[in-house]
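Encoded as C-alpha cells, the structure appears first; notes follow it.
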Amino acid sequence: MLSRLLFIGFLFAFSAAAEEVQGVVKAAMAGLEVATSDAPYSRTIKQMYIGWDNAGNPKTGIAYREIDSFKTITGMVVVDKTATGYVLREAVFPDISKIKNAKDRQQVLSILQQFKGVPFDPHAEKSAVDALSSATRYGIKMSGFLNYLARHVALQMENPPDWSKKK
C-alpha cells in the first residue's frame, strides 16, 4: 500500500513538472511551429524544442534539464535567433515552488536576473553569462548548466538536426 502511494505521488509530481515546462514552451513559442526532440535528448539535456517561423527559419529554441539545488528543480533556457546573432531571452525554473524555504528560493531566483536579454556567440569559448556576484556552490553549478543549455540550443538552431525539420 505504501509503495502504491509513493508511486502515485511520484506520478503526480512528474506530471506537475511536465505541465510547468509545457506552459513555458507554449508561452515562448507563441506563433511558431514547434519541433520537439526525444526525451532524453542527451545525457545532459532532458529535452529540446525549436520553433520555426512561417518561412521555415528557426527563431526560438528551448532546452531544459534537472538541476540539483536546495531541491532538484528544472532549469530552462529560451534562446532567440535575431538578425545580429543569438540572444538568451531568459532562463527560468518553472518548478521553483519545490523549494519551500523562501530565503533559499529567493537565492536561486536571484541567479535568473543575469540571464535575461543577453546576446552571445555560441562559437566563442566563453559563457553567455560569465560571473555571478556572490554565487554559492549551487549558483555556480546552475550558471554552468544554464550557459551550456543556451550554447547548445543555439548551435542546434544554427545547424538544425533532422528531428526538428518539417516532414
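The values are calculated or read from the model by the stated rules, or taken from the named source; none is laboratory data. Worth saying up front: this structure is predicted, and the values here are computed from it rather than measured. Every residue, glycine among them, receives a Cβ derived from its backbone with ideal geometry; neighbour counts consider all protein chains shown. The accessibility values were calculated without ligands, DNA or RNA, using every heavy atom of the protein model including side chains. Shrake-Rupley method; radii C 1.70, N 1.55, O 1.52, S 1.80 Å.
Could you list, in sequence order, all residues of segment 81-119 that are part of a strand (DSSP E or B) and open to solvent by less than 30 Å² (accessible area, probe 1.4 Å)?
Matches in segment 81-119: Gly85, Tyr86, Leu88, Ala91, Val92, Val118.
Just one of (1) at pLDDT below 85; (2) under 14 Å from the mean Cα position of the chain (by Cα) trips up Leu11, so point out which.
Going through the list (1) at pLDDT below 85; (2) under 14 Å from the mean Cα position of the chain (by Cα), Leu11 breaks only (2).
Within the set of pairs 6 or more residues apart or between chains, which connect a residue that is under 15 Å from Pro160 (Cα atoms) and part of a loop (DSSP other than H, G, I, E, B) inside segment 40-62 to a residue that is open to solvent by 60 Å² or more (accessible area, probe 1.4 Å) and charged (D, E, K, R) with Cβ atoms less than 6 Å apart?
Hits for this filter: Asp53/Lys59.
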